[in-house]
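The structure appears right after this line, and notes come after that.
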Amino acid sequence: MRHLMSPLDFSVEELDALLDLANDIEAHPQKYAHACAGKKLATCFYEPSTRTRLSFEAAMLNLGGSVLGFSSADSSSAAKGESVSDTIRVISCYADICAMRHPKEGAPLVASQKSLIPVINAGDGGHQHPTQTLTDLLTIRSLRGELGNLTIGLCGDLKFGRTVHSLINALIRYPGIRFVLISPEELRIPSYIREDVLTANGIPFTEMERLEDAMADLDILYMTRVQRERFFNEEDYVRLKDFYILTKSKMALAKKDMLVLHPLPRVNEISVEVDDDPRAAYFRQAQYGVYVRMALILTLLEITVD
Ligand code: NCD
């Protein structure tokens, strides 16, 4: 039995197969409409979510399966003090696969060690968010044709943004990847990514504060929200929250085929005037999130469709 805790749990070849499957699902949704008939997905969300939980549920429903779960710690037995290990043992009796989001880093991993069903990490604190990364990879590959040979600007809260940490880990396995890390000083990428992942693997990267200075070089601009819930005090959040706002005038500095991605939710960091720019890909990205989660559910349940 396999779980998904980090994007590195899949080899590059396995990831290619998963993304191929997602593209086939996109092209022929009817073929997969009953693939998970009789199967149940549990969504155990101890932290707020719109896209991740609902896209998992939509994915299972599109496959003909059903869903059950909870969407906050308050509405589960966690409020009574139950451990994730106990919860997952019980959920294993009710469902065939589980997607879990938790504010504590490593909680889904602890759950997976006691689970009788595949567990998917749907975001653990400021650590990892592998299914967002699968979504990002599918979006980039589908819209650009390949995952290598790209200059990727990551902008915003690089310290607490788990989607950024997972995406860097996944992308360094492809050739010709360069990163431009754009953040205020206080929200720079953690050293366990800068030194242990980028420098240790000889991946070219630069760090800068001004988005304008990076724009012209980028093939992909990955915007992120300042992660309010992970700040220790509100004053710092208020000071940093509008540090970056992507506007039409900044988009004018970018390549004609640059893509703008964002895991969403957006707060202020992309002005709504950018939404109509053909390079704005964040809503298409949300749609890819459903296809890739369908492919992931099939893969972990070892269901094949001819
Ligand atoms: C992200 C997350 O939860 O980390 N959201 C998502 O799953 N699409 C990004 C965020 O909350 O900023």
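Values in this text are rule-based calculations from the coordinates and carry no lab data. Just so you know, these numbers come straight off a predicted model, no measurement behind them. Positions of Cβ are generated from backbone atoms using ideal geometry, with glycine treated the same way; all protein chains shown enter the neighbour counts.
For the stretch 172-244, the set of trypsin sites (Lys or Arg not before Pro) satisfying both a DSSP loop assignment and a count of at most 11 other C-beta atoms within 10 Å is given as Arg210. Taken about its Cα centre, the stretch 130-286 carries a charge dipole of roughly 440 debye when the Cβ of each Lys and Arg holds +1 and the Cβ of each Asp and Glu holds -1.
When Lys and Arg each count +1 and Asp and Glu each count -1, what net charge do the other residues less than 14 Å away from Arg225, Cβ to Cβ, add up to?
Charge balance near Arg225 sits at +3.
Taking Phe205, Phe231, Phe243 as the candidate residues, the one with maximal mean-square fluctuation in a Gaussian network model of the chain, Cα springs under 10 Å, is Phe231. Other residues lying with their Cβ under 10 Å from the Cβ of Arg144 contribute a combined charge of -2, Lys and Arg counting +1, Asp and Glu -1. Computed about the Cα centre, the dipole magnitude for the chain is approximately 460 debye when only Lys and Arg (+1) and Asp and Glu (-1) carry charge, each at its Cβ. Relative to its residue count, the stretch 130-286 spans a Cα convex hull of 104 Å³ per residue. Take the alpha carbon gyration tensor of the stretch 221-291, find the square roots of its eigenvalues, order them as a ≥ b ≥ c, and report rounded if a/c is under 1.5; if not, report prolate when a/b exceeds b/c, else oblate. Oblate shape, in that a/c is at least 1.5 and b/c is the bigger or equal ratio. The relative contact order of the chain, computed from alpha carbon pairs under 8 Å that lie at least 6 residues apart in sequence, is 20 percent.
Pairs of Lys residues in the chain that lie 8 or more places apart, or on two chains, and have C-alpha atoms under 22 angstrom apart add up to 11. If you take the Cα centroid of the stretch 1-48 and the Cα centroid of the stretch 196-219, the two points sit 31 Å apart.
The GNM of the chain, with springs linking C-alpha atoms under 10 angstrom apart, assigns the highest mean-square fluctuation among Ile117, Ile189, Ile203 to Ile203. Along each principal axis, taking the top coordinate minus the bottom one, the Cα set of the chain gives 54, 46, 39 Å in descending order.
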